[in-house]
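Notes for the one structure printed next.
Derivation of every value follows stated rules applied to the coordinates shown; laboratory data play no part. Please read all numbers here as calculations on a predicted model, not as lab measurements. Cβ placement follows ideal geometry from the backbone for every residue including glycine, while neighbour counts extend to all protein chains displayed.
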Amino acid sequence: MPRNVRTVETTSTSEAHDNEKGVTRRLAPEVRERQIVLKAIDHFATHGFSGSTREPGRQLGVTQPLLYRYFPSKEALIDRVYDEVYQWDTRWENLIKDRSVPSAGTHKIDLI
């Protein structure tokens with residue numbers, strides 16, 4: 001019998017109620033991974049990188065081994081958090097290369 005997989009990121013009222021009870025639903029892998037990353041961003045912003053991965057898992061209602069299925073190490077999860085939070089803008093490359101245009105924050109400092 002084929003398994004139904006939800007690929008929608010929205011949650012219904014019953015799912016939100018179930019989640020309050022600690023019941024987790026089977027989610028599509030990309031949805032679960034996104035959920036883990038968003039919770040990790042929030043967790044690391046609040047507690048720093050020295051915090052455990054157990055707490056974000058507990059808040060999501062998933063086990064630590066499930067976290068490690070998506071991210072093989074805490075470092076891999078931190079790398080993903082960096083990729084999500086700090087995104088490179090390719091327009092910056094031309095600005096960096098063009099030395100004739102000073103950046104708006106650059107000021108000449110006179111030494112006494």
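Sorting Tyr86, Tyr70 from the fewest to the most surrounding beta carbons within 10 angstrom yields Tyr86, Tyr70.
Each residue, Arg99 and Arg54, gets one label point 7 Å from its Cα in the Cβ direction; the gap between the two is 5.4 nm. Measuring max minus min along each principal axis, the C-alpha atoms of the range 28-86 give extents of 25, 20, 17 Å (largest first).
With contacts taken as Cα pairs under 8 Å and at least 6 residues apart, the range 28-86 reaches a relative contact order of 39 percent.
Ordering Phe71, Phe49 from the fewest to the most neighbouring beta carbons within 10 Å gives Phe49, Phe71.
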